[in-house]
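The values are calculated or read from the model by the stated rules, or taken from the named source; none is laboratory data. Everything numeric here is computed off the predicted structure, so don't read it as measured data. Glycine also receives a Cβ, built like all others from the backbone with ideal geometry; neighbour counts cover every protein chain displayed. When the accessible area is computed, the model is the full protein with side chains, heavy atoms only, and any ligands, DNA or RNA have been set aside. Shrake-Rupley method; radii C 1.70, N 1.55, O 1.52, S 1.80 Å.
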Amino acid sequence: MTTPMTGNMADQALRARALKVVPGGMYGHESTVLLPASYPQFFSRAEGAYIWDVDGNRYLDFMCAYGPNLLGYNNARVNDVAVAQLALGDTMTGPSAHFVDLAEALVGMVSHADWAMFCKNGTDATTMAMTTARAQTGKRRVLVAEGAYHGAAPWCTPMPGGIVPEERAFISKYQFNDIASLEAAVAAAGDDLAAIFAAPFKHDAFVDQFLPDPAYARRVRELCDQTGAMLVVDDVRAGFRLIRDCSWELVGVRPDLSCWGKSFANGHPISALLGSDSCREGASQIYATGSFWFAAVPMAAGVETLKILRESDYLEQSVRLGSQWRAGLDALAAKHGFALRQTGPVQMPQILFEDDPDFRVGFAWGEAMLRRGVYVHPWHNMFFCAAMTEADIAFALEAADDALGALRAQRATLEPHPVVMMMLGALAGEH
Ligand SMILES: *Cc1c(COP(=O)(O)O)cnc(C)c1O
């Protein structure tokens with residue numbers, strides 16, 4: 001059943017060319033120096049639940065473009081609408097009518113939201129959440145959970161390159177799910193607290209995932225109410241993957257602001273800041289804009305995607321398939337003598353190996369799955385899309401059976417990966 005690989009000559013050639021004209025050849029989360037050596041860097045196409053690298057190898061894709069693919073790549077309904085709008089106009093001197101349609105659709109679906117503002121990337125939305133909170137409250141300090149990802153701007157990037165401490169002078173840390181650490185950080189902020197940022201669940205890289213303790217989530221709300229600070233839920237990654245609403249509706253807590261991106265236009269480039277009336281005034285004071293922020297195509301795609309989310313069982317299906325994948329993998333791990341730590345919601349799984357502090361087993365697992373036509377990630381949470389089927393899960397489990405069998409034989413000879421060690425060191429130094 002192993003998918004024959006057609007090699008990686010085209011990928012290698014592109015990497016060599018990129019090295020000459022792109023610093024480091026690639027950057028950020030797309031940099032494959034953070035992945036096992038055999039992972040492809042370049043892709044030629046994507047359809048449904050599958051991606052093809054530039055050498056023509058096909059993979060069942062458990063990364064979903066790191067989140068944007070929610071309904072399946074090339075979803076026909078979304079793309080038809082996008083192509084039709086493209087023929088009419090995309091980036092124009094002002095937005096199209098879809099601007100208002102999309103704002104109405106999001107405000108209609110997300111309980112806490114009374115208004116929407118659109119931007120391009122998740123980082124735009126989280127940064128606007130911060131400035132909106134400061135404009136609304138007239139205060140400066142912002143609390144974020146240790147290790148939580150909120151984007152790549154100087155105030156929040158996880159890597160230290162090019163950042164000066166002054167850019168984070170008003171950012172403080174607390175521990176996710178830890179009420180005492182939150183209260184201490186709020187107390188330390190005194191009367192200068194503008195916002196508390198919360199991840200919908202702890203979905204940090206390299207570690208187990210945790211759902212929010214409802215008592216912790218309620219305490220975040222109370223502390224914001226007591227201090228006048230704005231509560232921000234960063235739903236850029238988890239938005240519409242847990243519920244057709246803001247993710248913290250699941251714990252009964254409504255934020256003042258929520259950040260959206262990645263998937264709500266099924267991969268078309270758009271993000272959003274949603275807010276309640278508690279900070280409408282602040283939002284109207286910030287200067288937020290971008291040349292491409294008002295493009296009509298992604299907004300048309302967003303309106304259609306949201307319609308599909310309301311009409312279809314995409315969410316229930318991803319939970320059903322995610323449960324099958326998790327249970328099947330646990331059984332296969334036991335069969336082959338491995339213990340897995342599978343955490344997070346089943347439709348956004350994190351799969352780590354027990355007793356694998358330097359990720360050498362995780363990396364070998366990733367490579368073994370890749371050779372068998374399944375793209376998994378060794379240290380980042382993964383994603384289900386609505387195009388996945390039971391047959392795909394059966395295919396992935398067959399690959400996993402074979403891969404874990406091979407891994408068992410290989411285990412004693414595995415070596416740690418130097419770049420991962422460097423990355424873990426850099427993240428530890430960040431704290
Ligand atoms: C990806 C992500 C961001 C940043 O989004 P970009 O579109 O990459 O700028 C912010 N917050 C969370 C939780 C994310 O997963």
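If contacts are Cα pairs under 8 angstrom and at least 6 residues apart, what is the relative contact order of the chain in percent?
23
Per residue, how much accessible surface does the chain expose to a 1.4 Å probe? Answer in Å², no decimals.
Heavy-atom SASA per residue in the chain reads 41 Å².
Sorted by mean Cβ packing within 10 Å, highest first, what order do the peptides 300-306, 414-420 take? Don't skip to the answer; put the middle values down first.
On the way: 300-306: 26.4, 414-420: 14.9.
So the order, starting with the most tightly packed, is 300-306, 414-420.
How far, in degrees from 0 to 90, does helix 418-430 lean away from the longest principal axis of the Cα atoms of the chain, to the nearest 10?
Here the helix axis deviates by roughly 20 degrees.
Does segment 171-318 come out rounded, prolate or oblate, given a ≥ b ≥ c as the square roots of the eigenvalues of its C-alpha gyration tensor, rounded meaning a/c under 1.5 and, failing that, prolate meaning a/b above b/c?
The shape class here is oblate.
If you take the square roots of the eigenvalues of the alpha-carbon gyration tensor of segment 115-156 and sort them as a ≥ b ≥ c, do you get rounded (a/c under 1.5), prolate (a/b over b/c) or oblate?
In terms of gyration-tensor shape, oblate.
For Thr6 and Phe292, FRET efficiency with R0 = 30 Å and r from the beta-carbon atoms, rounded to 0.05?
That gives a FRET efficiency of 0.25.
How much length, in nm to one decimal, is gained on full extension between Arg310 and Tyr66, taken as 0.36 nm per residue of separation minus their Cα-Cα distance? Don't skip to the end; give the middle numbers.
Numbers: separation 244, 0.36 × 244 = 87.84 nm, distance 2.26 nm.
Residue separation times 0.36 nm, minus the Cα-Cα distance, leaves 85.6 nm.
Based on the alpha-carbon set only, what is the convex hull volume of the chain divided per residue, in Å³?
Expressed per residue, the convex hull around the Cα atoms of the chain is 148 Å³.
Between 0 and 90 degrees, rounded to the nearest ten: what's the tilt of helix 296-311 against the longest Cα principal axis of the chain?
Once rounded, one gets 80 degrees.
Could you tell me the relative contact order of segment 76-311? Use alpha-carbon pairs under 8 Å, at least six residues apart, and round to a whole percent.
On the way: 457 pairs, mean separation 78.6, N = 236.
Relative contact order here is 33 percent.
Could you work out the relative contact order of segment 322-377? I mean the mean sequence separation of Cα pairs under 8 Å and 6+ apart, divided by the number of residues, in percent. If you can, show how the numbers build up before the last one.
On the way: 44 pairs, mean separation 12.1, N = 56.
RCO, segment 322-377: 22 percent.
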